[in-house]
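The values are calculated or read from the model by the stated rules, or taken from the named source; none is laboratory data. Just so you know, these numbers come straight off a predicted model, no measurement behind them. Cβ atoms come from the backbone with ideal geometry, glycine included; neighbour counts cover every protein chain shown.
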There are 4 protein chains.
Amino acid sequence: MIIVMKQNSSEEQVGEVISLIEKLGYKAHLSRGVERTIIGVIGHKDKSAIQSFASLDSVESVIPILKPFKIASREMHLEPTVVDVGGVKIGGERITVIAGPCSVESEEQIVRIAHAVKDAGAQMLRGGAYKPRTSPYAFQGLEEEGLKYLARAKKETGLKIVTEIVAIGDTDVLVKYVDMIQIGARNCQNFALLKAVGQSGMPVILKRGMATTIKEFIQAAEYILSEGNPNVVLCERGVRTFEDSTRNTLDLSAVALIKEWSHLPVIVDPSHGTGVRELVTPMSRAAIAAGADGLIIEVHDHPEEAFSDGPQSLKPDQFRECLKEMAKIAAAMGRTV
Amino acid sequence: MIIVMKQNSSEEQVGEVISLIEKLGYKAHLSRGVERTIIGVIGHKDKSAIQSFASLDSVESVIPILKPFKIASREMHLEPTVVDVGGVKIGGERITVIAGPCSVESEEQIVRIAHAVKDAGAQMLRGGAYKPRTSPYAFQGLEEEGLKYLARAKKETGLKIVTEIVAIGDTDVLVKYVDMIQIGARNCQNFALLKAVGQSGMPVILKRGMATTIKEFIQAAEYILSEGNPNVVLCERGVRTFEDSTRNTLDLSAVALIKEWSHLPVIVDPSHGTGVRELVTPMSRAAIAAGADGLIIEVHDHPEEAFSDGPQSLKPDQFRECLKEMAKIAAAMGRTV
Amino acid sequence: MIIVMKQNSSEEQVGEVISLIEKLGYKAHLSRGVERTIIGVIGHKDKSAIQSFASLDSVESVIPILKPFKIASREMHLEPTVVDVGGVKIGGERITVIAGPCSVESEEQIVRIAHAVKDAGAQMLRGGAYKPRTSPYAFQGLEEEGLKYLARAKKETGLKIVTEIVAIGDTDVLVKYVDMIQIGARNCQNFALLKAVGQSGMPVILKRGMATTIKEFIQAAEYILSEGNPNVVLCERGVRTFEDSTRNTLDLSAVALIKEWSHLPVIVDPSHGTGVRELVTPMSRAAIAAGADGLIIEVHDHPEEAFSDGPQSLKPDQFRECLKEMAKIAAAMGRTV
Amino acid sequence: MIIVMKQNSSEEQVGEVISLIEKLGYKAHLSRGVERTIIGVIGHKDKSAIQSFASLDSVESVIPILKPFKIASREMHLEPTVVDVGGVKIGGERITVIAGPCSVESEEQIVRIAHAVKDAGAQMLRGGAYKPRTSPYAFQGLEEEGLKYLARAKKETGLKIVTEIVAIGDTDVLVKYVDMIQIGARNCQNFALLKAVGQSGMPVILKRGMATTIKEFIQAAEYILSEGNPNVVLCERGVRTFEDSTRNTLDLSAVALIKEWSHLPVIVDPSHGTGVRELVTPMSRAAIAAGADGLIIEVHDHPEEAFSDGPQSLKPDQFRECLKEMAKIAAAMGRTV
């Protein structure tokens, strides 16, 4: 932390800040410039309490200089992490492809689509049984019944299953049916849920919140990691901006930047990230070229009848084509799909 | 809903869309323009399923024409709602002032500040016992111990208490100690929590999410209302933008627009909304002038030692001045503080 | 400027940075922390060249500590500036009200509306003769003919005239007809235009760009001031965000913050700032309560036939009511309208 | 255009709207729903005037249904446009690579870097002679002297030259020295400049504004096209968001979407788009995978001494590596670099 004093702060005020720093167990390091005096705060302990020094009348600002995450940091863990989901590896040489409908709508529907995405080349099946919907009057999901259908689809196809959790208490039931838990964008900073999922030990996909910065996103992962669960996969799925021709603005720079800063695997959701079917394939290619370790793509065989997210879902034949294009880019990157 | 067909859609494709509309139980109304054919969807039922028609190859877009909320709507409830919190009315002629520290730090601290804000003119006390913090290593709150201290502060001062809930299971313990529950910005679209708080029947302050549109914000309230809990107060607290000199961008237009669209009371949090102590008083005045029914303001008597949010907290004497200025604007609006 | 070295930078690298600093004529001040070494750059000269040090392999980041404006700064000019527009003072005790249509459509129209806004209490008339329109096919303004109509309206009513400039070469013709020049949001960082208007010496309203931070906005004003033109009025008119129920997000915190940092007058445009007629009056009240020195409001007597911006224009009787409400808030602030 | 009437609009009000529509020369088409009446506006003429109908008391909203551009539209021009810059083709099978420093700093510097980027494989040289800088006190460019140095670099290397225009009157001098004009992000909606560049007939790179939507961006291109200049290349360079770890948020979905909607070539600027040197190569790869026709990349051989944008500039050897990686992705896309 660096403390910038106001232009005309007195000797006495500078002394007061130094005393406060030392009282908290840090060392102070004074530096006088032509227009401003700055004070460095030196020490090993967490320095978040120093932030409040900005409320002293003599202080202009308090500037952090370290990145705010630890276990997730590449500095602490040089090797990239590979998360193992029942044998499917996320973060290794192979690009992981997760596909399926937005919502589980019936047993017949999820089993049928599971076969379709498996045939096209997916390794994991997605499908929502608990749906976080903007309106309380929209379809809220089949709940445990939906989980059973997912388990059936797994049994028939061998695909590993990932599904979204929306309430803390649901970890127990999810563990029984699925291989991996997804935390959705609206719950990215639901810290109670992050802790619960951390304690479950289950592999987890953490989606970036719509207004979550990259640093905050990694700190959210840190909540899960610090509960002792290392199996975290980060998912870029677009952020909210003024742009209104796409559902969100997919931030592929975040993929490359997280790979610089963290050892955790990163996947991309081009379906929510764009909200436009025609953009799913180009953005899947771009995600791999940016360094993503996987894709999670919405696929539905009758999107016009989907209970949710029809317009952004690929049809199975479009998904098959998408995978072919992804494979070319993966090869150019020295990876496989 | 209005369905816009693509430029060169065929008669057959138009017929197909009309069949799908009728299959779902609505009536279709066809309108042919020079460059586009549009089809209106007519009927009483919820039309969210129609959104998926956008995934038909022949359809260019699907445009909703109704506002997406019901119980919260002014069309359904012409009179403004007044929420009663143990005798303190929010939404009436008097501007409600809620004040206190970001976090409950000790019994002594919360009781001392409670007296200070009561003396200055506040009607309710705020203070966090369960803290949603960006970093898992930052202070997470005193939990139930903090609730007991809040209850003590209430007993000594008579101030009604509002505190934040972060986990579904905590409604039971909160009910024992506090008068009103706050749902924070990061949980604005934590629908499981909204339902739980809806079922509790407790008065609730719902804060706007950092990337939540006004329509989505009112729909979030609709989750609580539709569980049978009418005691919802909306709180504008700023949204995330590119502006980096303030912590958030306080959107006072949202206050005026919600008052147009909804009967629910609206309050403003200028502390989180700006993150800058010097802006709290001007924005409190502006909030009242925009039509807000109340303010929630962070006050701390030693902000430089606060566990959180020191830089945006008013000191008690600044808060007293702020209330005086608010009183003048309230009088100009025909209200009192 | 503060230079933060990377975690494992060597003695040699630190020495290299210090040499570079000294080579540019500054003094370096070294501070070693537990995890990072930082180097302060001390000296009177402009330090923007130091920013490039961030490209050294050994440097983690370069952090500025001073505000990036000078002449506009309150530190340099303690007294608030009052801009005199042919006798109308902006920035004094009286709130300046500027009103009129978005576009000058005909001589009859602008004279008629000029009388209407004058009768209601406006001191200045606005109206666009050169229109910056998103589409090249939309009405582009009457150009010099429109300026003549504005001059006619001035002659008949005595209202001072402000109109928008869109091209550098137009200062000469504008000077002949109008009292004040407006630089629109899309040209806020058109630096060539800022310099030209600076050289003209004319009073100027500078509107904030849709993605311009408060600091950048004041720096844009600095371009005009540094050409020797002190007659700058800043205008907050909303910024672009994800919110789609209002045309822009009006940032009233910017008003209060600019008043803290700068001596320049600040006015607010609630018409473009909200894009919603029903919000113009509440936001006008709120602007005054936030400390604004004036308002610029779109008024049209037949908004449904306006060539542009009809939906956000007040009708003359609504404008009259708006002024009455503004007067009450102004009185509460110790000012007049 | 579709006009949505308010819930309880009367027969008379509906009739009034229909008369107004017919008075302007369009046909009205009435459609009555259960909760709302809507009126379609049918006709060939530009319908922007209809927007003002939203200001009628009986009208809830006016919704456009057509995309707001014509000449730029793929519907009007099925084949992709290839822009020829003195023999260098932008928009064809080969990915165009433009590289060079942010600013021309001296003759020696620009000639030296020109050789370096040519050797690495670039086809065009960039370099600013007129610099739009946020602060009036920062380096503003060498102006015509800088253009002469660029011409010298062209003569020595054969690279085609692109440089930024900042003022209308400069087209004449630019034409003498350079092959292509760039309009920067801050001037994306400087319509006077767009028209002037349109009239010049010169090949032009139009950069997206920081808060310009994709539709507005294409409309800005339409200003140039409608002056009779078909040689327009669009450049995605990131938009402004809340994210603060990158300088802008690079929106690669925009590349893919513009290729769907328009026949114009699209290039990407990963240097300004990220502001972080480490992200330039991954985003260059991703841009090609998203379908971009070219890249414009900042390269400097002594970035720590650059007058501007050092931290985001590649060094020549990094640029050479970047091109190698780009070549692999281009090959996977069936293109060359």
Looking at A:Lys118 and the list (1) surrounded by fewer than 21 Cβ atoms within 10 Å (Cβ to Cβ); (2) charged (D, E, K, R); (3) over 17 Å from the mean Cα position of the chain (by Cα); (4) more than 28 Å from A:Arg247 (Cα to Cα), which single condition is not satisfied?
(4)
In the stretch B:103-125, is there at least one residue being among the hydroxyl-bearing types (Ser, Thr, Tyr), over 30 Å from A:Phe69 (Cα atoms) and assigned by TED's automatic domain parsing to the domain that holds B:Asp293?
no
Would it be correct to say that D:Ser226 is farther than 20 Å from D:Asp309 by Cβ and of a type in the set (Ser, Thr, Tyr)?
yes
When D:Leu279 is evaluated against the numbered criteria (1) crowded, with 22+ Cβ neighbours inside 10 Å; (2) within 14 Å of chain C (Cβ to nearest Cβ); (3) touching a strand residue (DSSP E or B) at 6+ places or on another chain (Cβ under 7 Å); (4) touching a residue at least 12 places away in the same chain (Cβ under 8 Å), which criterion, by number, is the only one it fails?
(3)
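Yes or no, residue by residue, for (1) within 14 Å of chain D (Cβ to nearest Cβ); (2) modelled with pLDDT under 95:
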| position | (1), (2) |
| --- | --- |
| C:Ala286 | no, no |
| C:Ala290 | no, no |
| C:Gln312 | yes, yes |
| C:Lys315 | yes, no |
List every residue pair whose Cβ atoms lie under 8 Å apart, where the two residues are 6 or more positions apart in sequence or sit on different chains, the first residue falls within the stretch D:192-205 and is more than 11 Å from D:Ile165 (Cα to Cα), and the second residue, located anywhere, is of a type in the set (Gly, Ala, Ser).
D:Ala192/C:Ala167; D:Gly198/D:Ser226; D:Gly198/D:Gly228; D:Gln199/D:Gly228; D:Gly201/D:Gly228
Can you tell me which of (1) out of contact with any strand residue (DSSP E or B) (no Cβ under 6 Å at 6 or more places or on another chain); (2) in contact (Cβ under 8 Å) with a residue 24 or more places away in the chain; (3) at negative phi is the one D:Phe319 doesn't meet?
(1)
Being farther than 26 Å from B:Arg285 by Cα and surrounded by fewer than 22 Cβ atoms within 10 Å (Cβ to Cβ) narrows it down to one residue among B:Val166, B:Val175, B:Val82, B:Val88; which is it?
B:Val175
Residues of the stretch C:162-172 being modelled with pLDDT of 95 or more and part of a helix (DSSP H, G or I), in sequence order, are none
Could you count how many residues in the stretch B:1-25 are free of Cβ contacts under 8 Å to residues at least 40 places away in the same chain and either over 17 Å from D:Ile42 (Cα atoms) or part of a strand (DSSP E or B) (or both)?
11
Among residues belonging to the stretch B:26-68 that are without any contact (Cβ under 8 Å) to a residue 60 or more places away in the chain, facing chain A (nearest Cβ under 8 Å) and part of a loop (DSSP other than H, G, I, E, B), point out the one that is nearest to the chain's Cα centre (by Cα).
B:Asp46
Can we say D:Gln51 is touching a helix residue (DSSP H, G or I) at 6+ places or on another chain (Cβ under 8 Å), crowded, with 17+ Cβ neighbours inside 10 Å and modelled with pLDDT under 85?
yes
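Kindly indicate whether B:Val268 is farther than 24 Å from C:Arg237 by Cα, in contact with a strand residue (DSSP E or B) (Cβ under 6 Å, 6 or more places away or on another chain) and touching a residue at least 12 places away in the same chain (Cβ under 8 Å).
Against the criterion (farther than 24 Å from C:Arg237 by Cα, in contact with a strand residue (DSSP E or B) (Cβ under 6 Å, 6 or more places away or on another chain) and touching a residue at least 12 places away in the same chain (Cβ under 8 Å)), B:Val268 does not qualify.
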Listed residues C:Gly25, C:Gly40, C:Gly100; which is surrounded by 21 or more Cβ atoms within 10 Å (Cβ to Cβ) and not assigned by TED's automatic domain parsing to the domain that holds C:Glu298?
C:Gly40
Those residues of the stretch A:187-236 which are more than 12 Å from every other protein chain (Cβ to nearest Cβ) and among the charged types (D, E, K, R), in sequence order:
A:Lys207
Pairs only if they're at least six apart or on different chains, beta carbon under 9 angstrom, first in the stretch C:123-141 and within 13 Å of another protein chain (Cβ to nearest Cβ) and free of Cβ contacts under 8 Å to residues at least 24 places away in the same chain, second among the hydroxyl-bearing types (Ser, Thr, Tyr) and surrounded by 20 or more Cβ atoms within 10 Å (Cβ to Cβ); list them, first residue then second.
C:Ser135/D:Tyr223; C:Pro136/D:Tyr223; C:Gln140/C:Tyr130
Filter the stretch D:282-296 down to the residues that are among the hydrophobic types (A, V, I, L, M, F, W, C) and closer than 23 Å to D:Tyr223 by Cβ, then identify the one that is surrounded by the most Cβ atoms within 10 Å (Cβ to Cβ).
D:Ala292
Of all residues in the stretch D:293-309 being touching a residue at least 12 places away in the same chain (Cβ under 8 Å) and at the interface with another protein chain (Cβ under 9 Å from one of its Cβ atoms), which is farthest from C:Val62 (Cα to Cα)?
D:His300
In the set D:Val266, D:Val299, which member is over 25 Å from A:Asp244 (Cα atoms) and at pLDDT 95 or above?
D:Val299
Residue within the stretch D:306-316 that is surrounded by fewer than 20 Cβ atoms within 10 Å (Cβ to Cβ) and more than 22 Å from the chain's Cα centre (by Cα) present:
yes
Does the stretch C:73-94 hold any residues that are β-branched (Val, Ile, Thr) and over 17 Å from the mean Cα position of the chain (by Cα), and which are they?
C:Val88
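Considering every residue within the stretch B:258-265, establish whether at least one is over 15 Å from the mean Cα position of the chain (by Cα) and more than 8 Å from every other protein chain (Cβ to nearest Cβ).
Looking through the stretch B:258-265, none of the residues is over 15 Å from the mean Cα position of the chain (by Cα) and more than 8 Å from every other protein chain (Cβ to nearest Cβ).
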Residue match in the stretch A:145-152 (condition: within 19 Å of A:Ser313 (Cα to Cα), away from chain B (no Cβ under 12 Å) and either among the β-branched types (Val, Ile, Thr) or under 22 Å from the mean Cα position of the chain (by Cα) (or both))
no
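Which residue is farthest from C:Ser10 (Cα to Cα), if the candidates are limited to the stretch C:54-72 and must be of a type in the set (Ser, Thr, Tyr) and surrounded by fewer than 19 Cβ atoms within 10 Å (Cβ to Cβ)?
Kept after step one, since they are of a type in the set (Ser, Thr, Tyr), are these residues of the stretch C:54-72: C:55, C:58, C:61.
Then drop every residue that is not surrounded by fewer than 19 Cβ atoms within 10 Å (Cβ to Cβ), which leaves C:58, C:61.
Details: C:Ser58: 8, C:Ser61: 16 Å.
Looking at residues that are of a type in the set (Ser, Thr, Tyr) and surrounded by fewer than 19 Cβ atoms within 10 Å (Cβ to Cβ), I get C:Ser61.
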